[in-house]
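Where a number appears in this text, it was derived from the coordinates with a stated rule and is not lab data. Because the structure is predicted, anything quoted here is derived from the model rather than measured. Virtual Cβ from ideal backbone geometry, glycine too; neighbours counted across all protein chains shown.
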Amino acid sequence: MNNEIVDITIIGGGPTGLFASFYAGMREMSVKIIDSLPQLGGQLIELYPDKYIYDVGGFPKILAKDFVANLVTQAHYSKPEILLSETALSVERNGDHFILKTDKGVHLTRTIILTAGIGAFRPRKIGLKEEVEFEEKTLHYGIKDLSLFKGKNVVVCGGGDSAVDWALMLEDIASTVTLVHRRKRFTAHETSVNQLMESTVDVKTSLNVKAIEGEDGIVKEIVLASKDGSEERVALDHLIVNYGNISSLGPLKEWGVDMDRNSIIVNSRMETNIEGIYAAGDVTTYDGKVKLIAVGLGEAPIAVNHAKAYIDPKARLQPLHSTSVFN
Ligand SMILES: Cc1cc2nc3c(=O)[nH]c(=O)nc-3n(C[C@H](O)[C@H](O)[C@H](O)COP(=O)(O)OP(=O)(O)OC[C@H]3O[C@@H](n4cnc5c(N)ncnc54)[C@H](O)[C@@H]3O)c2cc1C
């Protein structure tokens, strides 16, 4: 248990949470960022790192991953403690602070800013009863260490950018790479699909994985089925599945914050109905709400400035401009 009470704990390290971290630094607050993903950047890194963003002020065109890299640099201004692959589960008040429980520990904090976007991500599973036997051994939902696949027969499932990129990445490492997609058309970027078709990757479309066979967690064969009922078998050493992610606010819905469907209701100060708990970005709703990066970036300073005034009622609500703080 980390016994130090921080001023603000930011739950969600997407663009809104990252900018909140920077801003909290400007207000001289101590910061902790918790995100369930293994990296910062929220939807931008998880869902569209290589797409261009055109609608953030000051950037006529910027790749999502480059925008996140800038935000991360800026977020470090507050010297935040950053806890990744950690999911916030529950909260309870204890006098002047909150006790926040996650799947990895307990954190003490004076205020909380929920910047949880569309919720914690987890991979969409393959959906076969035998999957648990192979998971984390030879059935993977992501690639952490490419060397695991050196000289192996690898099957990648999926038709989106990640699946195609992984198949291409593995081409020079694995002994054989097969890409299985349940549809005929790929949703991946056209350039990557063209590259795939010219590669040595064995591409099989309109096929579903019907069964995984093997023992002691070691896959040996998968059975692929087509709509017309015909089947084929593919021998393999590793199965990598990319069927996208499912996101869910999950435990945050049990906190007692007022919600409207999957969004947290806030007022114009970004306050939730629980004193000391604020929210900003995609996770919030109010009359007229628009869910955009630019909007979250505007809401973050509102939440932080009010959190500052909540902790220290003598502090200015209206902050000094950055041009004054840094000069
Ligand atoms: C394909 C695509 C393209 C888009 N293009 C644009 C665009 O061009 N312009 C634009 O303005 N917007 C665009 N958007 C929307 C934009 O990505 C969102 O508005 C933005 O990501 C919201 O930022 P956020 O920080 O509020 O939330 P998110 O980016 O969703 O980040 C929330 C973070 O909170 C974490 N989290 C959630 N619950 C927990 C928990 N319990 N514990 C710990 N961590 C948790 C999540 O893991 C996530 O990292 C696009 C979205 C998609 C899907």
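Computed values, structure above
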| item | result |
| --- | --- |
| Some residue of the range 80-100 being hydroxyl-bearing (S, T, Y), more than 13 Å from the ligand (Cβ to nearest atom) and not in a helix (DSSP H, G or I) | no |
| Selected residue [of a type in the set (V, I, T), away from the ligand (no atom under 16 Å from the Cβ) and within 23 Å of D50 (Cβ to Cβ)] from V132, V219, V203, V209 | V203 |
| Qualifying residues in the range 35-63 (those that are near the ligand (Cβ under 6 Å from one of its atoms) and among the small types (G, A, S)) - the one surrounded by the most Cβ atoms within 10 Å (Cβ to Cβ) | G42 |
| Residues within the range 225-277 that are in contact (Cβ under 8 Å) with a residue 24 or more places away in the chain, of a type in the set (G, A, S), over 16 Å from G117 (Cα atoms) and touching a Ser or Thr at 6+ places or on another chain (Cβ under 7 Å), tallied | 1 |
| In the range 227-256, the residues that are over 22 Å from the mean Cα position of the chain (by Cα), surrounded by 18 or more Cβ atoms within 10 Å (Cβ to Cβ) and not in a strand (DSSP E or B) | L236, D237 |
| Residue list for the range 153-175, filter: surrounded by fewer than 18 Cβ atoms within 10 Å (Cβ to Cβ) and among the polar types (S, T, N, Q) | N153, S175 |
| G214 being more than 29 Å from the chain's Cα centre (by Cα), under 25 Å from H140 (Cα atoms) and among the small types (G, A, S) | yes |
| Neighbours by Cβ (under 8 Å, 6+ apart or cross-chain): first from the range 36-61, more than 26 Å from L83 (Cβ to Cβ); second within 8 Å of the ligand (Cβ to nearest atom) and part of a loop (DSSP other than H, G, I, E, B) | D55/L292; P60/Y54; K61/Y54 |
